[in-house]
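Quick notes on the structure that follows.
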Amino acid sequence: MRILVCGGAGFIGSSFVRHILDHSADEVVVFDKLTYAGNLDNLSAFAESPRYRFIRGDIADVEAVRVAMQGIDAVVNFAAESHVDRSILNPGSFITTDVYGAYVLLEAARSMSVTRFLQVSTDEVYGEVIGESSHEGSPLRPRSPYSASKAGGEHLVQAYHVTYGIPTLVTRGSNTFGPHQYPEKLIPVVITEALDDRPVPIYGDGLQIRDWLFVDDHCSGVDAVLRRGTPGETYNIGGGNLHTNLELVERILDLLGKSRALIQHVPDRPGHDRGYSIDSAKLLRLGWTRDRAFDEALETTVKWYVDNEDWWRRVKATQDYQTYFERNYSDRESLTVSR
Ligand code: NAD
Ligand code: DAU
């Protein structure tokens with residue numbers, strides 16, 4: 001099969017490309033706008049493969065999408081604005097890519113004969129969940145511009161299945177970590193700041209809980225749903241590793257041999273969800289298993305950043321990164337709205 005991987009130059013998308021090329025005879029066409037988060041270095045290992053092709057383009061561009069989807073059997077859409085803090089600073093691009101972009105892809109799929117359309121979504125669409133686990137039928141209560149736009153994209157996908165019979169699938173993954181993650185997300189922020197002996201920012205009390213999933217396991221979950229999922233259905237992909245942010249950051253500092261005194265509590269993220277937890281039983285019934293134990297996967301990730309300074313120093317040296325970092329971390333009090 002020929003798979004169009006939208007957003008394939010990003011963190012999870014590029015790992016999914018590797019997964020497909022390593023585990024199948026399928027062909028991959030990556031379609032990516034190369035926003036600040038898209039990075040061709042993530043795909044350089046496949047550049048010579050006869051089963052891989054790259055097209056630069058925007059999922060919100062009707063004509064570019066129509067051309068890219070010619071001859072495609074399956075679409076897997078990872079393309080998104082993906083960072084909650086950026087959605088708080090600048091929600092507009094999230095609506096354009098995560099909602100309108102999903103619509104453009106669906107319209108193209110409707111006019112062509114794709115056999116599968118898989119929308120990669122997130123456990124954040126369930127909203128804040130404490131002391132229980134969300135299953136696929138739980139209500140969606142997104143609370144950030146990011147999660148609301150991801151929920152909007154998902155609703156369109158489901159509507160296109162019901163209305164037009166498009167063979168759609170949705171996955172809702174939990175907090176993913178591993179090599180090549182852009183250093184705006186918690187784990188790479190902590191590793192790279194600590195390596196430079198700079199303060200490690202923890203929002204609020206740091207007792208928020210996330211369910212951590214290694215990137216390879218996220219990709220094998222998406223692959224299992226793509227091949228064996230039932231059209232019209234949604235599948236959670238959880239790591240089964242619940243930790244508070246503080247516990248996680250302390251572990252990373254220990255792995256790096258850095259002092260916990262680097263931890264700096266900073267004003268909280270507005271609307272910060274205190275917890276997420278999802279039940280992955282439905283995906284486990286499809287035969288998916290997690291391959292990587294959390295401790296070992298975290299060690300692998302820390303080691304990757306230690307060994308690949310060039311990769312993250314190039315990213316952190318960009319004007320976009322520095323502007324974002326300054327805006328997000330220098331005056332956090334101003335982010336909080338008083339009512
Ligand atoms: P990322 O930000 O690292 O990568 C996003 C990719 O999409 C980049 O290559 C970027 O250039 C591309 N892109 C953005 N806008 C585009 C557009 N308009 N047209 C074409 N390409 C565009 O994101 P990620 O962390 O790899 O996440 C991938 C997907 O998985 C997203 O849909 C995200 O919502 C979802 N997800 C992420 C996590 C996580 O913890 N990172 C967990 C669950 C679900
Ligand atoms: O749950 C899945 C989601 O996980 C994905 O859909 C998103 O694309 C992905 O970005 C991630 O969202 P989070 O907001 O949970 O991830 P982030 O790495 O930004 O933050 C993880 C936790 O750490 C969260 O509670 C906020 C906190 N945090 C984050 C940063 C960047 C800090 O305390 N300090 C920080 O500097």
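The values are calculated or read from the model by the stated rules, or taken from the named source; none is laboratory data. The structure displayed is predicted, hence computed values, not measured ones. When we count neighbours, we look across all protein chains shown, and the Cβ atoms used for this are built from the backbone with ideal geometry, even at glycine. Please note that ligands, DNA and RNA were not included when accessible areas were found on the heavy atoms of the full protein model with its side chains. Shrake-Rupley method; radii C 1.70, N 1.55, O 1.52, S 1.80 Å.
For this structure, a couple of remarks:
- With the helix formula -39500 (n - 2.57) applied to DSSP H stretches of n ≥ 4, the chain reaches a computed 222 nm mean residue ellipticity of -11500 deg cm²/dmol.
- Cα centre as origin, Lys/Arg/Asp/Glu Cβ charges: the chain dipole, Debye: 600 debye
- Residues of the chain: accessible area per residue with a 1.4 Å probe, Å²: 41 Å²
- Over 25 Å apart at the Cα level, from the set K150/K303; K33/K303; K150/K282; K33/K150; K33/K282, are K150/K303; K33/K303; K33/K282.
- Cα-projected label distance for L40 with L286, points at 7 Å along beta-carbon direction, nm: 3.3 nm
- Under Karplus coefficients 6.51, -1.76 and 1.60, residue-wise ³J(HN,Hα) of segment 203-210 in Hz, glycine/proline x: 6, x, 7, x, 8, 5, 10, 10
- Computed extension gain for R2 through A293, at 0.36 nm per residue and net of the alpha carbon distance, reaches 101.6 nm.
- Positive dipole terminus of the chain, leading residue within L253, A151, L213 (C-beta point charges): A151
- Segments 10-17, 49-56, 237-244 sorted - mean Cβ within 10 Å per residue, highest first: 10-17, 237-244, 49-56
- Segment 88-146 - percent of accessible surface contributed by carbon and sulfur, probe 1.4 Å: 50 percent
- Euclidean distance of C-alpha centroids, segment 96-154 and segment 240-293, integer Å: 22 Å
- When a 1.4 Å probe is rolled over the protein heavy atoms, the share of accessible surface on segment 174-258 that falls to carbon and sulfur comes to 49 percent.
- Taking the Cα centre of segment 70-122 as reference, the dipole from Cβ charges on Lys and Arg (+1) and Asp and Glu (-1) amounts to some 100 debye.
- Cut-off 18 Å, label 7 Å out along Cα→Cβ of H272, residues of segment 133-163 by amide N: 143-147
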